[in-house]
Each structure stands twice: as structure tokens, then as C-alpha cells.
Amino acid sequence: MSGKWVNRLLLAPAAAWFLVMLALPLFVILVFSLGERGPAGGYVPALTLAQYANLPARFTAFKNTLLLAPAGTVVALLVAYPLAYYLAVRSNPRLRTMLLVLVIVPFWTSILIRTYAWIFILGGRGIPALLALVGFADVRLINTPFAVLVGIVYGYLPLMVFPIYVSLEKLDKGLLEVSSDLGAPPLRTFWQVTLPLSIPGVATGCMLVFILLMGEFLIPALLGGGKVFFIGNALVDLFLQSRNWAYGSAVAATLVLIMLLTVSLYMRLMLRRAHRDDVSLL
Amino acid sequence: MSKTDKDNMPISRQKFMAELRRYQKGSVSRRHFLAVTGLGFATAVMAGAAPGLRSRTAWAAGDIGDRVILATWPNYHDPANFERFTEMTGAHVQVNVFGSNEEMLAKLQAGGSGWDVFVPTNYTITTYVGEKLIEPLDLGKIPNYEAGAFEPRFSEAGTVNGTVYAVPKDWGTTGYVVNTKHTGGKKLTTWKEFWDITKTEFSGRTMVHDYQLTTIGNALKYFGYSFNSVDPKELADAEKLLLEVKPHLYAISSDYQPPMRNGDAWMAMAWTGDGKQLHTDLPEIEYVLGKEGGEIWSDYYAVPTGAPHREAGYALINFLLDPAVNAKEVLAHGYPVADARTNKLLPKELLEDPILYPAKDLLNALEFGAAATLTDPNRAELLARFKSA
């Protein structure tokens, strides 16, 4: 009896947090999304689906987000995996901690400043000027979707590296020897042993990066020159410029819904995969 | 100032970081980010933090607290003036920089802005009064405001129904800056040329503001419509032009000084002071007012309802309206003021500068923005469609 109360007491802070910081705001967003914009902006109570009917007006923003968020996740994965592999498996164990710290160091500076730096790297006097020296004149990098992708991969790389690193670090090196003793060449060992065992890390990393990317607004604003428009940018404009809280809430609610659907689909796929691998390992 | 040992001590690292953190807790919006990372922010931090760390001295007019929070625009003040204000009063000035009036309005509407003074533009004041977001000014606390010294057309928007809600800071125009190195000797003079050249020779080199009032207003001028039009047919024409031009734009952003300076952008919609600052540093960059007209505006100081450091806010407004202080402000920001007393203290070449004081025929064609232009939901949606296209 008392144990049950202790459990409840221990869970109370988290429960209160979720209620106040998650459930309540979501409820407010839902209510607002059924309302209307006030004459000078803000929210006027109403019960209408007009805001949802107007969603196609932000089609491009949804499209850009739904294309560039997965693309950014995949590119970040392709860059992060070899790095994590090197850190966990190949690097000198004595240097490992220092190398890991080096991956974190950029986090000590605000993402804003790091992204702003890319404006100069990708701007006319940065990489394009170097390319012009070797014969590729008039390359335009800044304010393109490519620049946004570079910024995204750069900004979110550590979030991808660490989960993969952790899963590779735990990997029992004996399994690799077994695979090799049984005659598998290194590449086959990687595909059949290392990669499947690191899938939980890959899955976590992808999820972390993908979810954050879906709400991204800073990187497209700075590196896309206001021309590569994400849902996050649409939301900032709706709340800070046109002050259309009702429509903004409808867009936000739709984004939450899309995230719920994609993330649960993704989890289901991953779980199924994990079960299948368990069986094959047995 | 009293000379104590403390006065001569250098700023400790911990104290400096503490001050920096305080600044970082300001508003966090996209364009605020841009402004904040600029030089303006660095100087504001230095100016605000350094004197604030010295020991406080009581001010003659009484204790006004240790800080005052000002919401304003980028590159809009002389940091040395803030430093002097702190020396005189003990209150150090915390600066929040904004990118658009809409953003300021949004922040005040959401409540809890924490500002003591802010800088609204002429066409927003009736909206603020209507929403009860600003208070009638207690002019007894602003003895440096002498209504008669100000040119009425730049000060009248501060008075709503006979009550003074805001006092004039400075005024200016919205034109465009163009790097004449790339025009082949041709002088640009109209908004029509601005948009046409963007689609051709300047493709990929032009910037427009991330602000519906000016970007839509100046697109309307292409057709000779009013800058303030909310007519659906005229707005549809402007939208068509904007969508046509969009693939040729370098960026949609109000942070146009860095790309104009490094040569990535060749032309950008610009306000007087930016035009002046760019032309001073790079003479090949010229400031153009479209012959068809465009915007003339006036910025004001106002006190938000429920300002947390109200007394310090009034003290700051009064200080900044002191003609000697205001003259220093003008030299720093490059916008003209409507105060005859201040103009007496300014160098002659500045008062004859064609960027600050455009020719009469150009000036007469300009329109003040209207309150309805800013709050019109169709114009806001139009800009959003343009940006997301």
C-alpha cells in the first residue's frame, strides 16, 4: 500500500510537468485552431474549421519540410555513421574521450552563431571564391536548398553521432571474431553483424534529428535567405508577423499530427525489424 | 562620480558573463537573431555592461532603479549615449532589437514584454492606443520634449484624440540601395526599374524586405498604385509581380547590409540610415527614392502599459530628447530628426545630405503608411504566400 503511494509521489513531478507543459498547451492549440483571427491580430473565440480548410495555402512549406527533413536525416546518418564507427571501434582508446569531447565542443557555441558563420563560408567570398580560383566561376551556394541542407547536417551531426557511437561501443567484439572465424570477409561481417546490432542507435539518432528538423526554422531562415520556407518559418510568421493565432494553431496542430503519424509508423517498422533480428540471431 | 577602489577595478569575467546572459534573455525571434549577432549588439553589450558594472551613483532627480529596457531597431542609437545615461543615473540600458513593427505588436499583444520604452512607427500608434498597449505620456516627466520645436508632420502621429502617447525620435524614407558598379553607368530612378532590372541584369542579386508593408507597398508602386492599397485587384497585381520576381531574388530579408557590403547582393530595399551608412563606407552604393513615390515614416518613443521600470523609461526618453544627446544619436544612426533645436547642433553637410533630406519633388510623392496597411490580414497573407511560393 505504501509502496504504491511512493510510486505515485515519485511520478507526480513528471506527470505535472507533462500536464502543464505538454497536454495543456496542446489543448490550447486545438481550441485556438477552431477560432478566428481578431481584427488587429490575436485570437477570437469561434467554432469553425475555416483555418483547416485554408491549410493548402501553406502547401509549399509542408512540402519543403517533408522533403528536406528526411533528406537531412539521411545525409546526417551517412556522415555520422563512419565517424561513430571510427570513434567506437577504430580509434585509439586513450584518445577516445578527447575525440568525443571534440564532437561536443561546437555545442558550446550557440547554434545561431555557428549557423551565421556558414553565411560567410557559403557566401560569395567563401567557398564560391575558392571554386572560382580553380575554374568554377559563378557558383551560387548561399540561399539555396543545398545551403540549408549543409546547415542542417552540420547543426545536427552530434545528435546522430552519439546514439550510434553508444550502440557500437556496446557491441561485443567477440561476435566480430566469430564472424571472421566462420569465414566472412570484413564487409560481410559489417553488413550481417555490426550494422544490425547498431540499428537501435541508428534508429534513435534518426528519430532525434528528424523530429527536431520538422520544427526547424533558424537554419532555413539564415541559410535559405527567406526563400526556403519550412513549416517552422510559416509558424514564426503567423505568430510574429501576421498575428493570426487561429491559423497558426491549425498549422501547428497539423504539424503535430503529421509527426505523430510518421514517428509511430517509423517506430512500428523499427520494432518489427528488431523482432525479426532477434529471431535470426537465436 | 565618486572615486572608489571599485571604480578602477577591471570587469571580472564572471560579472561580464552575468551581464551577457542577461542580454541573451531578450526576445528570441528570427530577425532579432540576425540583428543581435551584428555589430550593433556587440557594441550595445559593451556599452550597456561596462558602465553598469561600476558602482552606482544616485541621480539628482531621484532613484530610478538600476536598469531600463528599450525595444528598438538595429543600428539605431549611439552606444556612447547609453553609457552616459548609465553614468548619470545608475540605470543601465538593456537593448532588445526588432525587425518589424508587426513583431513588436505581437510581443506586446502576447503580454509580459518587460519593456520600459519602445520605438513604434507612425502607423502603429492608433492600433496600440486602441488595444490599450501604451499609456498616455506624462509630459511633466519629459521636459526636454518641446512640442513647438518639432515639425508637425513628423510628430502629429504621436497624438491620438488630443492625448500625447508618443514623442518623435526621427524620421526617414524607404527607398533602395544599388551598387552602381553593376549598372553600367545607368542611373536608376524608379521602382519600375528596381523590379524590371531584378528580372534581368540583376537576377539573383536583389533583396527585398521581409516585411509586408514595404515589400508589397513598393511592388504596388510598380503599377502606380498607392503604397497603402488594400484593394483586392491592386494587391493581386502586386502579388503577380512578386511571384514573377521571386526566382530572381538573392534573398527575402531585412538584414541587407552584410550582403550589400560583401558584394553578394547588388540592390536592396533600404531605409534612409542604412542607405547613409552604406554610402558613407562604400561610395559606389547609392540610395535611390523611386520617382513614383513610396514610403515616408516617422519613429516615436512610447511607454508600454505596465512598464516595469516606468520612471527609468521616462528618464531615458527625456535624456535622448536632449538636443545635444539627440545630435549625437543622429551622427550615429544617420536618420534626420524633426527637432529644430537638434538640427542647430548638426554639421551643415549633414543637413544638406540628399540621402537624409531628399529633393522636394521626390519627397512630395511619398506617403505615410496607414494603420490599416499594417493590420490588413490580406496583405499579411499575401506576403506569406510570396515567401512560401
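The values are calculated or read from the model by the stated rules, or taken from the named source; none is laboratory data. Only a predicted model underlies this, so the values are computations on that prediction, with no experimental measurement involved. Here the Cβ positions follow ideal geometry from the backbone for every residue, glycine too, while neighbour counts run over all protein chains shown.
Structure notes:
- Restricting attention to the stretch B:68-106 and to residues that are within 14 Å of chain A (Cβ to nearest Cβ) and out of contact with any strand residue (DSSP E or B) (no Cβ under 8 Å at 6 or more places or on another chain), the residue that is nearest to A:Trp245 (Cα to Cα) turns out to be B:Ala106.
- Number of residues in the stretch B:125-184 that are part of a strand (DSSP E or B) and either of a type outside the set (A, V, I, L, M) or in contact with a helix residue (DSSP H, G or I) (Cβ under 7 Å, 6 or more places away or on another chain) (or both) equals 19.
- Checking B:Asp361 against (1) more than 14 Å from chain A (Cβ to nearest Cβ); (2) in a helix (DSSP H, G or I); (3) buried (at least 18 other Cβ atoms within 10 Å of the Cβ), the condition it does not meet: (3)
- Among the residues of the stretch A:234-254, those identified as in contact with an Asp or Glu (Cβ under 9 Å, 6 or more places away or on another chain) and facing chain B (nearest Cβ under 10 Å) are A:Asp237, A:Leu240, A:Gln241, A:Ser242, A:Arg243, A:Asn244, A:Tyr247.
- Considering the stretch A:144-235, the qualifying helices (runs of 4 or more DSSP H), each wholly inside and each with 1 or more residues that are in contact with a helix residue (DSSP H, G or I) (Cβ under 7 Å, 6 or more places away or on another chain) and charged (D, E, K, R), run over A:145-170.
- No other residue among B:Thr183, B:Thr189, B:Thr174, B:Thr200 is buried (at least 23 other Cβ atoms within 10 Å of the Cβ), hydroxyl-bearing (Ser, Thr, Tyr) and more than 14 Å from every other protein chain (Cβ to nearest Cβ) apart from B:Thr174.
- Yes/no for A:Ala23 being within 14 Å of chain B (Cβ to nearest Cβ), within 26 Å of B:Gln109 (Cα to Cα) and aliphatic (A, V, I, L, M): no
- Of all residue pairs spaced 6 or more apart or on separate chains, those with beta-carbon atoms under 9 Å, a first member in the stretch A:200-221 that is free of Cβ contacts under 8 Å to residues at least 24 places away in the same chain and buried (at least 24 other Cβ atoms within 10 Å of the Cβ) and a second member that is among the hydrophobic types (A, V, I, L, M, F, W, C) and not in a loop (DSSP other than H, G, I, E, B) are A:Ala221/A:Val236; A:Ala221/B:Phe33; A:Ala221/B:Leu34.
- Flag for B:Lys169 being touching a Phe, Trp or Tyr at 6+ places or on another chain (Cβ under 9 Å), within 22 Å of B:Trp73 (Cα to Cα), more than 14 Å from chain A (Cβ to nearest Cβ) and modelled with pLDDT of 95 or more: yes
- Test: residue in the stretch A:142-157 that is in contact with a strand residue (DSSP E or B) (Cβ under 9 Å, 6 or more places away or on another chain) and within 14 Å of chain B (Cβ to nearest Cβ): yes
- For the stretch B:257-283, the tally of residues that are surrounded by fewer than 18 Cβ atoms within 10 Å (Cβ to Cβ) and farther than 21 Å from B:Leu331 by Cα stands at 2.
- Of the listed requirements (1) under 21 Å from A:Gly72 (Cβ atoms); (2) more than 11 Å from chain B (Cβ to nearest Cβ), A:Ile111 misses just one: (2).
- All positions within the stretch A:45-89 that are within 12 Å of chain B (Cβ to nearest Cβ) and not in a helix (DSSP H, G or I): A:Asn54
- When the stretch B:105-125 is filtered for residues that are of a type in the set (Gly, Ala, Ser) and touching a residue at least 24 places away in the same chain (Cβ under 8 Å), the ones remaining, listed by number, are B:Ser113, B:Gly114.
- The residues of the stretch A:121-137 that are surrounded by 14 or more Cβ atoms within 10 Å (Cβ to Cβ) and not in a loop (DSSP other than H, G, I, E, B), listed by number, are A:Ile121, A:Leu122, A:Ile127, A:Pro128, A:Leu131.
- Qualifying residue in the stretch A:138-150 (condition: over 23 Å from B:His248 (Cβ atoms) and either among the hydroxyl-bearing types (Ser, Thr, Tyr) or free of Cβ contacts under 8 Å to residues at least 12 places away in the same chain (or both)): no
Residues checked against (1) modelled with pLDDT under 95; (2) under 24 Å from A:Trp118 (Cβ atoms):
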{"site": "B:Asn228", "(1), (2)": "no, no"}
{"site": "B:Lys240", "(1), (2)": "no, no"}
{"site": "B:Leu249", "(1), (2)": "no, yes"}
{"site": "B:Ser253", "(1), (2)": "yes, yes"}
{"site": "B:Met269", "(1), (2)": "no, no"}
